Amino acid sequence: MAATENTLILETTQGPVTIEMRPDLAPNHVARIKELVREGFYDGIVFHRVIDGFMAQTGCPQGTGMGGSGKKLKAEFNKEPHVRGTASMARAANPDSGDSQFFICFDDASFLNGQYTVWGKVTEGMENVDKIKRGEPVKDPDKIVKARMAADAG
């Protein structure tokens, strides 16, 4: 699949992961993630919550799951199912509490459908997502070394 302006590349400690972002599903979330990527926000951030058979979560600057960029987003729930490779926003109990944290599903997680904002899907490198160390919290966690938009140089 050719890279577009919506192709996000995560260089992780386990290898590259390519996510095709879906502004048609969640335009505000995609715009905010692009903004954070271009600011270097995700560079060096760990996968702090990784549950086997479920998902790998990242995007917390403290590495605890309690932090974010400080800008809450209004939920953009959609009909896209949570299946293997789905990229979706993490949130607290309040539906409009998504910020910078997101997760990638290892497997079908249909119980999340309609309750979390799906904003993309892994198109390459899912085998690298599968290698991310598990744990809550993760001991010596894997991390995003660098996040970049494929359309941006470098």
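Residue-by-condition table, conditions (1) more than 22 Å from MET126 (Cα to Cα); (2) free of Cβ contacts under 8 Å to residues at least 24 places away in the same chain:
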| site | (1), (2) |
| --- | --- |
| GLU5 | no, no |
| GLN14 | no, no |
| ASP24 | yes, yes |
| PHE47 | no, no |
| THR64 | yes, no |
| VAL83 | no, no |
| ASP99 | yes, no |
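Got at least one residue in region 24-44 being part of a helix (DSSP H, G or I) and among the small types (Gly, Ala, Ser)? Yes, some residue in region 24-44 is part of a helix (DSSP H, G or I) and among the small types (Gly, Ala, Ser). Looking only at region 46-64, filter to residues that are part of a loop (DSSP other than H, G, I, E, B) and touching a Pro at 6+ places or on another chain (Cβ under 9 Å); which one of those is surrounded by the most Cβ atoms within 10 Å (Cβ to Cβ)? So, considering only residues that are part of a loop (DSSP other than H, G, I, E, B) and touching a Pro at 6+ places or on another chain (Cβ under 9 Å), the one surrounded by the most Cβ atoms within 10 Å (Cβ to Cβ) is GLY63.
Within region 140-154, at least one residue is among the small types (Gly, Ala, Ser), closer than 23 Å to ALA3 by Cβ and out of contact with any strand residue (DSSP E or B) (no Cβ under 9 Å at 6 or more places or on another chain).
The test for being at pLDDT 95 or above, farther than 24 Å from THR4 by Cα, touching a strand residue (DSSP E or B) at 6+ places or on another chain (Cβ under 9 Å) and buried (at least 17 other Cβ atoms within 10 Å of the Cβ) holds for ARG91. Considering only residues in region 26-45 that are crowded, with 19+ Cβ neighbours inside 10 Å and touching an Asp or Glu at 6+ places or on another chain (Cβ under 7 Å), the one that is nearest to VAL145 (Cα to Cα) turns out to be HIS29. For the subset of region 48-74 comprising residues that are over 15 Å from the mean Cα position of the chain (by Cα) and not acidic (Asp, Glu), which member is farthest from ARG38 (Cα to Cα)? Top of the filtered list is GLY53.
Of everything in region 106-123 that is surrounded by 16 or more Cβ atoms within 10 Å (Cβ to Cβ) and not aliphatic (A, V, I, L, M), the residue that is farthest from LEU25 (Cα to Cα) is PHE106.
Considering region 75-88, the residues that are over 17 Å from LEU36 (Cβ atoms) and among the charged types (D, E, K, R) include one that is surrounded by the fewest Cβ atoms within 10 Å (Cβ to Cβ), namely LYS79.
When region 93-132 is limited to residues that are among the aliphatic types (A, V, I, L, M) and part of a helix (DSSP H, G or I), the one that is nearest to the chain's Cα centre (by Cα) turns out to be VAL129.
The values are calculated or read from the model by the stated rules, or taken from the named source; none is laboratory data. This structure is a prediction, so every number in the text was calculated from the model and none was measured. All Cβ positions, even for glycine, are placed from backbone atoms using ideal geometry, and neighbour counts span all protein chains on display.
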